[in-house]
Amino acid sequence: MKKRLMDMYSRLFSFFGPQNWWPAETPFEVMIGAILTQNTNWKNVEKAIENLKKEGLLSVSELHSIREQELASLIRPAGYYRMKAKRLKNFISHIVEDHGGNLENLFSLDTESLRKELLSIKGIGPETADSILLYAAKRPVFVVDSYTYRILKRHNIIWDDIPYDELQRIFMENLPHDESLFNEFHALIVETGKHFCKKRPLCKACPLNGWPEDE
């Protein structure tokens, strides 16, 4: 499996090149983006984040002060805006109430404790929590998403309905625990899913055509 995963990574990196993820200016912006990107595409998230930037709201204190209804209006482009406004407020309230509004206090936790705490916040699931861990906190935690499921299932690496943690473990147990590697690998998987491994796949042109080779 180690050989297969590294071959997968090499094929994708050779084809797409470095992705330079996450597209954000600060760790806090990464965290907000990770919540907003649930069930939508990144272009919509960018519009929502730009609205927040224009209003000077990309800070813990400002998002804590703003009314939920007003926040929902600003993030409308991201879809499910009322639900996401509630989730953002839950997240911000947790940082304020448990860490004095200080992200450094939050990030001072060890990885296991930080993940557990993020998952305790209503509206934050494993993929969102792991995105925050990897891209904002710079922890070597592999992010699993729908593209990961789809690609590995179509290549007969995993079975139907494999739990998130089991699929994540395949990567965590067979790759070096390197934050930059996990960052790049996840980004490359997303690009593959967007351009080739669609609901109607473009297998012949895909850089993973013929993968995995027999070990």
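Values in this text are rule-based calculations from the coordinates and carry no lab data. The shown structure was predicted, so the numbers you read here are calculated from the model rather than taken from an experiment. Don't worry about glycine lacking a Cβ; one is built from the backbone with ideal geometry, like all the others, and counts go over all protein chains shown.
Compare the Cα positions of 52, 79, 12 along the charge dipole of the chain (+1 at Cβ of Lys, Arg; -1 at Cβ of Asp, Glu; about the Cα centre) and return the one farthest towards the positive end.
Of the options given, the answer is 79.
On full extension of the chain, what length is gained from residue 42 through residue 102, given 0.36 nm per residue of separation minus the C-alpha to C-alpha distance? Present the calculation step by step, with values, prior to reporting the outcome.
On the way: separation 60, 0.36 × 60 = 21.60 nm, distance 2.67 nm.
Working it through step by step, the gained length comes to 18.9 nm.
So for the chain, averaging the separation of alpha carbon pairs under 8 Å that are six or more residues apart and normalising by length, what relative contact order in percent results? Don't skip to the end; give the middle numbers.
Numbers: 225 pairs, mean separation 56.9, N = 215.
Dividing the mean separation by the residue count of the chain yields 26 percent.
From the Cα gyration tensor of the range 27-136, with a ≥ b ≥ c the square roots of its eigenvalues, which class applies: rounded if a/c is under 1.5, or else prolate if a/b is larger than b/c, or else oblate?
Details: a/c = 1.77, a/b = 1.37, b/c = 1.29.
Taking the square roots of the gyration eigenvalues as a ≥ b ≥ c, the range 27-136 is prolate.
How do 177, 99 line up, fewest other C-beta atoms within 10 Å first?
Exposure proxy ranking, most exposed first: 177, 99.
Treat every Asp and Glu Cβ in the chain as -1 and every Lys and Arg Cβ as +1, leave all other atoms uncharged, and give the resulting dipole magnitude about the Cα centre to the nearest 20 debye. Please list the in-between numbers first.
Values: 29 positive and 30 negative charges, 212 e Å.
Roughly 1020 debye, rounded to the nearest 20.
At 0.36 nm per residue, minus the direct Cα-Cα distance, what do residue 161 and residue 67 gain on full extension? Give it in nm, one decimal, please.
Details: separation 94, 0.36 × 94 = 33.84 nm, distance 3.92 nm.
Fully extending the segment from residue 161 to residue 67 adds 29.9 nm.
Which residue, 67, 169, 200, has the most motion in a Gaussian network model of the chain that connects Cα atoms within less than 10 Å?
200
What number comes out for the charge environment of residue 60, summing +1 per Lys or Arg and -1 per Asp or Glu over other residues with Cβ under 13 Å away?
Values: positive: 89; negative: 29, 62, 97, 98, 104.
Computed value for this residue: -4.
With n ≥ 4 as the cut-off for DSSP H runs, can you work out [θ] at 222 nm for the chain, using -39500 (n - 2.57) per run divided by the number of residues, rounded to the nearest 500?
Working: 12 runs with 127 residues, N = 215.
Value at 222 nm, helices only, nearest 500: -17500 deg cm²/dmol.
Which distance in Å, rounded to a whole number, links the C-alpha centroids of the range 101-172 and the range 1-78?
15 Å
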